[in-house]
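Have a look at the structure below before the remarks.
The values are calculated or read from the model by the stated rules, or taken from the named source; none is laboratory data. All of these numbers come straight from a predicted model, not from anything done at the bench. Don't worry about glycine lacking a Cβ; one is built from the backbone with ideal geometry, like all the others, and counts go over all protein chains shown. Note: areas computed on protein heavy atoms with side chains; ligands, DNA, RNA excluded. Shrake-Rupley method; radii C 1.70, N 1.55, O 1.52, S 1.80 Å.
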Amino acid sequence: MSFPIHRPRRLRTTPAMRRLTAEHRLSAAELILPAFIREGLSEPNPISSMPGVLQHTTDSLKRAAAEAVELGVGGIMLFGVPAVRDARGTASLDPDGVLNKAIRDVRAEVGDELVVMSDVCLDEFTDHGHCGVLDANGYVDNDATLEIYAQMAVAQAEAGAHVLGPSGMMDGQVAVIRQALEDAGHANTAVVAYAAKYASAFYGPFREAVDSQLTGDRRTYQMDAANRREALLEVELDLADGADMVMVKPAMSYLDILADVAAMSPVPVAAYQISGEYSMIEAAAANGWIDRRAAVTESVLGIKRAGANMVLTYWASEVAGWLKESK
Ligand code: PBG
């Protein structure tokens with residue numbers, strides 16, 4: 001026999017053939033746009049380490065949400081940047097605080113056309129920048145933090161969030177939030193558990209995005225990059241506590257974790273392509289080192305292929321626009 005029997009290249013011969021035989025494809029409905037709103041801004045404020053991403057005003061946030069609806073994006077994840085911070089993150093509980101108000105404003109703009117999600121975490125609200133309150137030794141106090149998360153969750157549900165995203169990696173956070181929601185009559189408010197969230201150097205630009213006050217790191221509560229098996233424990237605990245969806249974060253350096261979780265999870269799996277992953281690609285593209293659109297598309301598709309049902313990405317609306325134009 002002088003020819004190869006198997007010629008996988010046959011299925012690569014034309015764009016139409018490649019499109020027909022693609023195992024995975026992106027759709028706008030599975031993309032979630034993370035968005036920042038900062039209290040007291042009169043104009044949207046560019047985030048220098050995340051070119052193209054803004055700290056929003058109420059108006060620009062509403063416009064971004066309306067645009068996301070227009071483009072068919074699946075959801076929006078809101079983060080608030082308050083004007084005043086304290087040791088216990090008190091502003092997070094104010095029904096008129098920056099994040100709770102943003103949830104209400106975005107819901108008023110989009111209704112049920114976009115799944116409105118919000119961050120349940122104290123790091124944006126504390127003056128020390130940690131995701132919880134500190135004990136006398138400066139250690140993040142798990143159970144004291146849970147009490148505040150429960151109240152934050154109810155406030156956000158009351159403001160109209162469809163889905164709450166507890167991102168602080170406190171043990172037991174999903175159970176406490178679920179219980180608080182049920183007790184307050186919010187049985188239909190869902191929880192996406194940041195189940196496997198790693199202490200990552202790639203969060204750097206996000207810290208600028210939320211004007212983080214953190215010195216040091218989050219290694220006593222976020223997972224260690226060395227651990228794979230432990231991610232399954234985190235997911236199992238959150239499922240037992242009532243998580244409606246689970247998340248792996250970051251995405252690109254953790255695709256093995258994502259594949260593991262996708263293989264075992266009976267609920268939808270989200271992956272968060274975080275700030276540093278965004279900024280790296282933007283920086284390389286700005287230098288002319290990579291083709292921006294191709295690299296962005298490949299990165300999000302890779303996350304999907306690894307097993308994500310939903311991808312949080314700062315490019316959500318832009319990618320949705322590309323998908324629309326290529327139809
Ligand atoms: C914590 C939180 C962080 C991110 C989302 N939620 C920061 C952190 O854990 O330090 C990072 C998201 C990103 O980097 O894009 N509330």
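Points to keep in mind about this one:
- Residue among Val110, Val120 that alone is within 29 Å of Ser279 (Cα to Cα), within 14 Å of the ligand (Cβ to nearest atom), aliphatic (A, V, I, L, M) and in contact with a helix residue (DSSP H, G or I) (Cβ under 7 Å, 6 or more places away or on another chain): Val120
- Residue count for segment 127-157 under the criterion of being of a type in the set (S, T, N, Q) and under 20 Å from the mean Cα position of the chain (by Cα): the result is 1.
- Subset of segment 31-68 that is touching a strand residue (DSSP E or B) at 6+ places or on another chain (Cβ under 8 Å), in a helix (DSSP H, G or I) and within 24 Å of Leu301 (Cα to Cα) - its residue that is most open to solvent (accessible area, probe 1.4 Å): Ala64
- Residue in segment 200-209 that is within 13 Å of the ligand (Cβ to nearest atom), assigned to a loop (DSSP other than H, G, I, E, B), under 30 Å from Arg305 (Cα atoms) and of a type outside the set (D, E, K, R) present: yes
- In the set Val296, Val311, only one residue is β-branched (Val, Ile, Thr) and surrounded by 23 or more Cβ atoms within 10 Å (Cβ to Cβ); that residue is Val311.
- Residue that is nearest to His186 (Cα to Cα) [pool: residues in segment 232-254 that are of a type outside the set (A, V, I, L, M) and buried (at least 20 other Cβ atoms within 10 Å of the Cβ)]: Asp238
- For segment 149-169, filtered to residues that are outside any helix (DSSP H, G or I) and open to solvent by 10 Å² or more (accessible area, probe 1.4 Å), the residue that is nearest to the ligand (Cβ to nearest atom) is Met169.
- Members of segment 202-229 that are at pLDDT below 95, of a type in the set (Val, Ile, Thr) and over 21 Å from Thr313 (Cβ atoms): Thr215
- For segment 69-84, the set of residues classified as assigned to a helix (DSSP H, G or I) and under 17 Å from Gly160 (Cβ atoms) consists of Val69 only.
- Here Arg229 fulfils each of the conditions (1) more than 11 Å from the ligand (Cβ to nearest atom); (2) free of Cβ contacts under 8 Å to residues at least 60 places away in the same chain; (3) open to solvent by less than 70 Å² (accessible area, probe 1.4 Å) apart from (3).
- Val192 being farther than 20 Å from Ser265 by Cα, within 16 Å of the ligand (Cβ to nearest atom), among the β-branched types (Val, Ile, Thr) and open to solvent by less than 40 Å² (accessible area, probe 1.4 Å): no
- Yes/no for Met264 being within 16 Å of the ligand (Cβ to nearest atom) and open to solvent by 20 Å² or more (accessible area, probe 1.4 Å): no
- Residue within segment 109-116 that is acidic (Asp, Glu) and touching an Asp or Glu at 6+ places or on another chain (Cβ under 8 Å) present: no
- Here Ser279 passes the criteria (1) in contact with a Pro (Cβ under 9 Å, 6 or more places away or on another chain); (2) more than 22 Å from Phe202 (Cα to Cα); (3) in contact (Cβ under 8 Å) with a residue 60 or more places away in the chain; (4) of a type outside the set (D, E, K, R) except the one numbered (2).
- The listed residue being away from the ligand (no atom under 16 Å from the Cβ) and of a type outside the set (Val, Ile, Thr), out of Pro34, Pro44: Pro44
This table checks each residue for (1) touching a residue at least 40 places away in the same chain (Cβ under 8 Å); (2) within 20 Å of Leu237 (Cα to Cα); (3) touching a Phe, Trp or Tyr at 6+ places or on another chain (Cβ under 9 Å).
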{"site": "Asp127", "(1), (2), (3)": "yes, no, no"}
{"site": "His130", "(1), (2), (3)": "yes, no, yes"}
{"site": "Val133", "(1), (2), (3)": "yes, no, no"}
{"site": "Asn137", "(1), (2), (3)": "no, no, no"}
{"site": "Asp143", "(1), (2), (3)": "no, yes, no"}
{"site": "Ala159", "(1), (2), (3)": "yes, no, no"}
{"site": "Pro166", "(1), (2), (3)": "yes, yes, yes"}
